[in-house]
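Data block below; observations after.
The values are calculated or read from the model by the stated rules, or taken from the named source; none is laboratory data. All figures in this text were calculated on a predicted structure; none of them were measured in a lab. Every residue, glycine among them, receives a Cβ derived from its backbone with ideal geometry; neighbour counts consider all protein chains shown.
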């Protein structure tokens, strides 16, 4: 099949003119797994300030709030470790990113609510030193949310509101000038945090989109739109180890004559038409590859029966035997199709390719000049 960018499907985020591709979303969610140090520091800070405030005020609510913060931090650390393990095994592609994101959201909210309760409770106390600690806790947590969670704006904004909102309200309830000014500052920084989250998110989307696009272009044949050699190996790595794998190597017969007669431009046009027919002849889960020149490869997982392999080889041959319309003439070419099959995915793709290529060469060399085989028809015919 043609090598389609995996971000060709999109999901809406916020406004209609803001969209992130599925691949970009997966990458952003995967990036949530790398905040171990900030999460550890924040967890210790929450517990430390809550315990210190409890010793000073004996407010009972501070202890369960500290426990929630610690539980959220420990849970996030465990979640990030699991997520990194899945990433190493390449299982993140088969798991649902929404599941990881929901877990991150739940644990983040647990920590955010903990910060909000601790800071708000402290601001109800007439102790400026403790209020200073609460201010530092709230600002430290919110700055970490913006920098680390801004790539998932809904989670980040909910965390900002849950942590800063209660603190802002409790500070304003004092109704004196210093606390009202402080509450106004909290509000301005909260609104500024929303804008910072928007900027971080949009910058991250642009960055990941460009990086993914460059990676995909490196795996794509610019002429035909099929996968190239790099794309072939990427597709091979994605196949399950327990799955059967069939490789078909195709060498076009008569292509050089087309180039000599019509020129390279028509030769390129013919290669594009061949690519289209190969895609039509293969199954949707196949990867069709242009190796270079007039050589093509089809990587087909899930073929367990020899009859299926033979049937696909015949189908490819049949499609390529139909005339191609070039510059007002019907041009016929053929193909030498060799294949190799492995009941289980081998560790080495090169060995499978070599066997298929040798089979293709044997088919091509076994024909007598001018005599097409059942797998190749290389006569060029002109027509009106």
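May I ask you to verify whether residue 293 is in contact with a strand residue (DSSP E or B) (Cβ under 9 Å, 6 or more places away or on another chain), exposed (fewer than 15 other Cβ atoms within 10 Å of the Cβ) and without any contact (Cβ under 8 Å) to a residue 40 or more places away in the chain? Please lay out each step first, then the result.
Numbers: in contact with a strand residue (DSSP E or B) (Cβ under 9 Å, 6 or more places away or on another chain): yes; exposed (fewer than 15 other Cβ atoms within 10 Å of the Cβ): yes; without any contact (Cβ under 8 Å) to a residue 40 or more places away in the chain: yes.
Answer is yes for this residue.
Please verify whether the stretch 225-246 includes one or more residues that are touching a residue at least 12 places away in the same chain (Cβ under 8 Å), exposed (fewer than 14 other Cβ atoms within 10 Å of the Cβ) and more than 20 Å from residue 350 (Cα to Cα). The answer is no, given that none of the residues of the stretch 225-246 is touching a residue at least 12 places away in the same chain (Cβ under 8 Å), exposed (fewer than 14 other Cβ atoms within 10 Å of the Cβ) and more than 20 Å from residue 350 (Cα to Cα). Being over 23 Å from residue 349 (Cβ atoms) and in the same structural domain as residue 359 (by TED's automatic domain parsing) is a description that does not apply to residue 250. Criterion first (assigned to a strand (DSSP E or B) and either in contact with a strand residue (DSSP E or B) (Cβ under 7 Å, 6 or more places away or on another chain) or at pLDDT below 85 (or both)) does residue 337 satisfy it? In short, yes. Regarding residue 51, is this residue under 29 Å from residue 117 (Cβ atoms), part of a loop (DSSP other than H, G, I, E, B), assigned by TED's automatic domain parsing to the domain that holds residue 204 and modelled with pLDDT of 95 or more? When the stated conditions are applied, residue 51 does not pass them.
Any idea how many residues of the stretch 44-61 are free of Cβ contacts under 8 Å to residues at least 60 places away in the same chain and either more than 26 Å from residue 100 (Cβ to Cβ) or in contact with a strand residue (DSSP E or B) (Cβ under 8 Å, 6 or more places away or on another chain) (or both)?
If we filter the stretch 44-61 for residues that are free of Cβ contacts under 8 Å to residues at least 60 places away in the same chain, which is where we start, we get 44, 47-48, 51, 54-55, 58, 60.
If we keep only those that are either more than 26 Å from residue 100 (Cβ to Cβ) or in contact with a strand residue (DSSP E or B) (Cβ under 8 Å, 6 or more places away or on another chain) (or both) as well, we get 48, 51, 54-55, 58, 60.
Result for the stretch 44-61: 6.
It is to be established whether one or more residues within the stretch 282-290 are crowded, with 21+ Cβ neighbours inside 10 Å and either closer than 24 Å to residue 327 by Cα or not assigned by TED's automatic domain parsing to the domain that holds residue 362 (or both).
Taking the stretch 282-290 and keeping what is crowded, with 21+ Cβ neighbours inside 10 Å, we get 286-290.
Going one step further and asking which of them are either closer than 24 Å to residue 327 by Cα or not assigned by TED's automatic domain parsing to the domain that holds residue 362 (or both), we end up with 290.
Yes; the residues of the stretch 282-290 include at least one that is crowded, with 21+ Cβ neighbours inside 10 Å and either closer than 24 Å to residue 327 by Cα or not assigned by TED's automatic domain parsing to the domain that holds residue 362 (or both).
Return yes or no: is residue 166 within 14 Å of residue 105 (Cβ to Cβ), assigned by TED's automatic domain parsing to the domain that holds residue 105 and touching a helix residue (DSSP H, G or I) at 6+ places or on another chain (Cβ under 6 Å)? If you could, list the steps in order and put the result at the bottom.
Values: within 14 Å of residue 105 (Cβ to Cβ): no; assigned by TED's automatic domain parsing to the domain that holds residue 105: yes; touching a helix residue (DSSP H, G or I) at 6+ places or on another chain (Cβ under 6 Å): yes.
Criteria not met by residue 166.
Does residue 160 fit the bill of being assigned by TED's automatic domain parsing to the domain that holds residue 65, under 36 Å from the mean Cα position of the chain (by Cα), under 20 Å from residue 52 (Cα atoms) and assigned to a helix (DSSP H, G or I)? Taking the combined requirement at face value, the residue does not satisfy it. Quick check: is even one residue across the stretch 79-94 touching a residue at least 60 places away in the same chain (Cβ under 8 Å) and surrounded by fewer than 19 Cβ atoms within 10 Å (Cβ to Cβ)? Looking through the stretch 79-94, at least one residue is touching a residue at least 60 places away in the same chain (Cβ under 8 Å) and surrounded by fewer than 19 Cβ atoms within 10 Å (Cβ to Cβ).
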